[in-house]
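Asks: Starting off with a structure, shown below.
The values are calculated or read from the model by the stated rules, or taken from the named source; none is laboratory data. Bear in mind the structure is a predicted one, so any value in this text is a computation, not a measurement. All Cβ positions, even for glycine, are placed from backbone atoms using ideal geometry, and neighbour counts span all protein chains on display. Remember, those area values only see protein heavy atoms, side chains included, never the ligands or the DNA or RNA. Shrake-Rupley method; radii C 1.70, N 1.55, O 1.52, S 1.80 Å.
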Amino acid sequence: AAGEAASAPGALTPAQAFDVLYEFGAPALVRQTYLLTGRRELARESVERAFQIAWENWPEVARDPDPAGWVRAAAYEYALSPWHRFRLRHRHPEPPPADPGDRTLLNTLLRLPPPHRRTLLLYDGVGLDLPETAAETEASTPAAANRLMRAREALADRLPELADPQVLHRRLAELASAERLRAARPPTVRLGSERRARYLTRAAIAFTVALIGTTALTLRTAPTHYEPPVSPGETVRGVPPRVAPGSLSDEQLELRQKLRDQMQDGPERLTPLAE
C-alpha cells in the first residue's frame with residue numbers, strides 16, 4: 001500500500017508515503033525483531049535504524065515491489081550484527097518474559113543459530129513462503145528448507161507441543177504480543193535519518209580534507225632523489241690509526257713564516273724559487 005501510494009502521481013509526498021509505511025510496518029517489525037534478538041532496546045534500535053536507511057534511500061524503497069520486506073531485511077541484518085556483543089549495554093541480560101512458557105520459548109529460540117532462527121521466524125512467524133524466505137536470507141531454497149527443518153526439530157525436542165506448525169505460529173505471535181514494545185514516531189525517525197546523513201556527509205568532507213592535506217605534506221617533504229645510505233666504518237688491518245698532530249718543529253715554523261712573508265699571488269706562489 002505504501003509503495004502504491006508513493007508511486008501514484010500527486011497522491012502523497014515522500015514524507016507522507018514514508019509515514020504510511022512506518023505506521024504500517026514498524027509496530028509488528030519491532031515485535032519480530034524482539035523474537036530475533038531477545039532484547040527490547042535492540043529491537044527498537046534496529047527498526048529505527050532500518051527505517052532511517054530506508055528514508056535515506058527512499059526513491060529505491062518506494063519503487064521496490066515489497067517496501068516492508070526491504071525494511072525488514074535491513075532491520076534483521078542490523079539486529080543480528082555480531083558487533084553488538086562488544087557494546088557495553090548489551091553485555092548485561094535484560095529481564096526475561098514474566099510467563100514461564102514464554103520464557104522457555106524465547107530461550108529456546110535464542111539457542112538456535114542466527115540463520116536458523118531468522119529462517120524460522122520468517123517462515124513460521126511472518127508467514128513467507130519458502131522461496132521468499134530463501135531470497136530474504138540470501139540462501140538457496142534447499143538450504144532455507146534445511147535450516148527450517150533443523151530449527152523446527154530443535155524446538156520440538158525442547159517443546160514437543162510446538163511440533164505442529166500452526167501451534168508454533170500461534171505461540172510466536174503470542175510471545176511477540178505479550179511485550180509492550182513501542183516504536184518512535186515517524187517524524188522522529190525521519191529527522192534522525194537526516195541528522196545522520198548530515199553527520200556522515202561532514203565526516204566524509206573532513207576525511208577528504210585531511211587526506212588531501214596529508215598528501216600535500218608528503219609531497220612537500222618527501223625526498224626528490226635517492227640517497228644511498230652511508231656504509232658503517234670498518235677497521236682496516238695494517239693501517240696505523242690516525243693520531244692528532246703535535247707541535248711544529250723549528251724547520252716547520254721557519255717554513256710557515258717564510259710562506260707568510262712571500263707574496264700572496266703571482267707565479268712565485270706556483271713555482272718556488274730554488275736557493
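Asks: Given the condition open to solvent by 90 Å² or more (accessible area, probe 1.4 Å) and either modelled with pLDDT of 85 or more or more than 30 Å from residue 20 (Cα to Cα) (or both), answer yes or no: does some residue in the range 176-195 qualify?
Replies: Looking through the range 176-195, none of the residues is open to solvent by 90 Å² or more (accessible area, probe 1.4 Å) and either modelled with pLDDT of 85 or more or more than 30 Å from residue 20 (Cα to Cα) (or both).
Asks: Counting just the residues of the range 56-77 that are in a helix (DSSP H, G or I) and open to solvent by 50 Å² or more (accessible area, probe 1.4 Å), which one comes out farthest from residue 196 (Cα to Cα)?
Replies: That would be 63.
Asks: Moving to a separate point now. Any chance the range 50-67 includes a residue that's modelled with pLDDT of 90 or more, farther than 20 Å from residue 137 by Cα and of a type in the set (S, T, N, Q)?
Replies: Within the range 50-67, one or more residues are modelled with pLDDT of 90 or more, farther than 20 Å from residue 137 by Cα and of a type in the set (S, T, N, Q).
Asks: Output yes when any residue across the range 79-99 is surrounded by fewer than 16 Cβ atoms within 10 Å (Cβ to Cβ), among the aliphatic types (A, V, I, L, M) and under 25 Å from the mean Cα position of the chain (by Cα), and no when none is.
Replies: Yes, the conditions are met somewhere in the range 79-99.
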